[in-house]
Amino acid sequence: MTKRLFIKTYGCQMNVYDAARMAELMAPLGYGPAGSPEGADLVILNTCHIREKAAEKVFSELGTIRRLKAARARQGGRMIIAVAGCVAQAEGAEILERAPFVDLVVGPQAYHRLPEMVARAAAAESRQVLDTSFPAEPKFDYLPETSATSPVSAFLTVQEGCDKFCTFCVVPYTRGAEYSRPAEAVIAEARRLAAAGAREITLLGQNVNAYHGAAPPNGSNDGGEWGLGALIAALARIPGLDRLRYTTSHPRDVDDGLVAAHRDVAELMPFVHLPVQSGSDRVLAAMHRRHTADQYRCTVERLRRARPDLALSSDFIVGFPGETEADFRATLDLVRAIGFAQAFSFKYSPRPGTPAANAADQVAEPAKVERLAALQSLINEQQRAFNRSWVGRVLPVLFEKPGRHPGQLVGRSPYLQSVHADVSAERIGEIIPVTIRGAGANSLAGAVLEREVPHSAREDAHQGTSLAVGAPRAEHLI
Ligand code: 5AD
Ligand code: SF4
């Protein structure tokens, strides 16, 4: 009998990737996906610890799951509850103590041991299982191969952990030291994803452009390492992979190889998420970001020279300890100077165990609220202007899934904008030129002009342009 597995994922794309791998790990043990936690045999909360009250949110969610576990027990069943992800890593034994009904806690670097841990938890009626170690052997060596079906747009973790130790950030403590997977393993996983239906892959890492994986044997730089640029160039040659992206990068690690990839690799999408956090050199130094505002501007210029249509996104923190009004104005100046297609901004929140949490000069909440509103209004203005600039023009859209209305699909432009259009469902997985008719703050709406083309013309188009039709059963080409 199939057992039912429910995974609830919070936070970043890497958690989404980890959730998929956990599901694959459990499949051979008879666990199939469940749409809800009610009546599930195994519930995994895959948690995020990046910002405020993360642990409290997990404990509140656990309260709900506890009631479902009790209901399951009344029916004579057993629900195993697991807490995974970065809160598991940070809180560890504390979770088992505060929530004794939790069966196991597993950190992000130890989840390849999940099957064995679940078996132990299932065998012992009362004993709780904890593994928040950073094993010497990388978990990737123990994960099963990615499965036979893939979303149109898939994630692939190539790098994990961080050695930068920005003074506000928990990542170096929860995800551990920087580690890059060997290029050969990444290429093999990308090939499997492409064969399983992926048209686009987003390479993931907490510091993805610090990637320095072992070069494949018998290839360029055999015995040495590849940077992210070389890896991207190799992945672009995989048949069927039309689009590549990467996230999240650090301004300090934008090297010449990566800039060259933006110039030379058509499959690398013209969109970069490059967090800057602040436009003030004083604050950047206190954050231990290792670059100045001017160095960030220069990095963006290098990238834009290589790929003139490059669109940028960023992360910002307002109200970092010691941030003055003048510091904050420098952030607004930087935003005006760069021009972002989108960006995320947060109020600083002290994370226990990080250096900035103990700083004496914390910024008062009202100032944080005010600065966040001012920054977000500027960013939203830029995002709307960027989106509006596409009205009346054509964008190649990779359609990924059904939209909100019947007959509608939603996909992404090269610049990561969501685009809605009336397209039939069997064209999910195709890249189709769409004339943009309307622009909102967060998405675009467009129209596909249908026209029958002979098969041979479709073939030519497939080979000749990056607007290639992805799905083999494609009926039309525009
Ligand atoms: N407070 C506020 N924002 C934070 N981030 C990380 N740590 C904190 C914190 N303590 C933000 C940063 C980072 C993004 C993922 O989350 O902007 O780039
Ligand atoms: Fe955190 Fe990114 Fe700084 Fe690493 S580089 S410590 S992940 S903010």
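Taken as a whole, the condition of being β-branched (Val, Ile, Thr), assigned to a loop (DSSP other than H, G, I, E, B) and within 23 Å of Gly161 (Cβ to Cβ) does not apply to Ile44.
Put simply, of Arg290, Arg307, Arg282 the only residue that is touching a helix residue (DSSP H, G or I) at 6+ places or on another chain (Cβ under 9 Å), open to solvent by 50 Å² or more (accessible area, probe 1.4 Å), more than 27 Å from Arg245 (Cβ to Cβ) and among the basic types (Lys, Arg) is Arg282.
Looking only at residues of segment 233-248 that are assigned to a strand (DSSP E or B) and either more than 13 Å from Leu193 (Cα to Cα) or open to solvent by 20 Å² or more (accessible area, probe 1.4 Å) (or both), we find that the one that is farthest from ligand 1 (Cβ to nearest atom) is Arg245. Of the strands (runs of 3 or more DSSP E) lying entirely inside segment 104-167, those containing at least 1 residues that are over 24 Å from Lys3 (Cβ atoms) are 153-157. Only one entry of Val300, Val318 meets the criterion of being within 16 Å of ligand 2 (Cβ to nearest atom), among the hydrophobic types (A, V, I, L, M, F, W, C) and within 25 Å of the chain's Cα centre (by Cα), and that entry is Val318.
Being within 25 Å of the chain's Cα centre (by Cα), surrounded by 14 or more Cβ atoms within 10 Å (Cβ to Cβ), at pLDDT 95 or above and not basic (Lys, Arg) narrows it down to one residue among Ala27, Ala20, Ala84, Ala55; which is it?
Ala84
Being out of contact with any helix residue (DSSP H, G or I) (no Cβ under 7 Å at 6 or more places or on another chain) and open to solvent by less than 70 Å² (accessible area, probe 1.4 Å) is the filter; apply it to segment 392-405 and report the residue that is farthest from Leu244 (Cα to Cα). Among residues in segment 392-405 that are out of contact with any helix residue (DSSP H, G or I) (no Cβ under 7 Å at 6 or more places or on another chain) and open to solvent by less than 70 Å² (accessible area, probe 1.4 Å), the one farthest from Leu244 (Cα to Cα) is Gly392.
Within segment 194-207, identify whether any single residue is within 16 Å of ligand 2 (Cβ to nearest atom), touching a Leu at 6+ places or on another chain (Cβ under 6 Å), at pLDDT 95 or above and among the small types (Gly, Ala, Ser), and answer yes or no. For segment 194-207, residues within 16 Å of ligand 2 (Cβ to nearest atom), touching a Leu at 6+ places or on another chain (Cβ under 6 Å), at pLDDT 95 or above and among the small types (Gly, Ala, Ser): absent. Quick one: in segment 310-340, of everything that is within 16 Å of ligand 1 (Cβ to nearest atom) and of a type in the set (Asp, Glu), which residue is most open to solvent (accessible area, probe 1.4 Å)? So, considering only residues that are within 16 Å of ligand 1 (Cβ to nearest atom) and of a type in the set (Asp, Glu), the one most open to solvent (accessible area, probe 1.4 Å) is Asp315. Within segment 289-311, the residues that satisfy the criterion of being among the aliphatic types (A, V, I, L, M) and more than 14 Å from Asp255 (Cα to Cα) are Ala293, Leu310, Ala311. Do any residues in segment 279-294 that are at positive phi have Cβ atoms under 6 Å from those of residues that are within 16 Å of ligand 2 (Cβ to nearest atom) and modelled with pLDDT of 95 or more, where the two are at least six apart or on different chains, and which pairs are they? Note: pairs meeting the criteria are His288/Cys166; His288/Thr167; Arg290/Arg252.
Is it the case that some residue within segment 412-420 is part of a strand (DSSP E or B), hydrophobic (A, V, I, L, M, F, W, C) and over 18 Å from Gln342 (Cβ atoms)? Within segment 412-420, not a single residue is part of a strand (DSSP E or B), hydrophobic (A, V, I, L, M, F, W, C) and over 18 Å from Gln342 (Cβ atoms).
Among the residues of segment 341-371, those that are charged (D, E, K, R) and either surrounded by 14 or more Cβ atoms within 10 Å (Cβ to Cβ) or touching a Leu at 6+ places or on another chain (Cβ under 7 Å) (or both) comprise Lys347, Arg351, Lys368, Glu370, Arg371.
Scanning for something within 16 Å of ligand 2 (Cβ to nearest atom), touching a residue at least 24 places away in the same chain (Cβ under 8 Å) and touching a helix residue (DSSP H, G or I) at 6+ places or on another chain (Cβ under 6 Å), does segment 262-272 turn up at least one residue? No, segment 262-272 contains no residue that is within 16 Å of ligand 2 (Cβ to nearest atom), touching a residue at least 24 places away in the same chain (Cβ under 8 Å) and touching a helix residue (DSSP H, G or I) at 6+ places or on another chain (Cβ under 6 Å). If you go through segment 168-187 and pick out every residue that is open to solvent by less than 30 Å² (accessible area, probe 1.4 Å), within 13 Å of ligand 2 (Cβ to nearest atom) and in a loop (DSSP other than H, G, I, E, B), you end up with 5.
Checking Ser36, Ser60 one by one, the residue that is farther than 18 Å from Pro115 by Cβ, among the small types (Gly, Ala, Ser) and touching a strand residue (DSSP E or B) at 6+ places or on another chain (Cβ under 9 Å) is Ser36 and no other.
The values are calculated or read from the model by the stated rules, or taken from the named source; none is laboratory data. Quantities reported herein were computed from a predicted structural model and do not represent experimental measurements. Cβ: placed from backbone, ideal geometry, glycine included. Neighbour counts: every protein chain shown. Quick note on the areas: whole protein, heavy atoms, side chains included, nothing else; ligands and nucleic acids left out. Shrake-Rupley method; radii C 1.70, N 1.55, O 1.52, S 1.80 Å.
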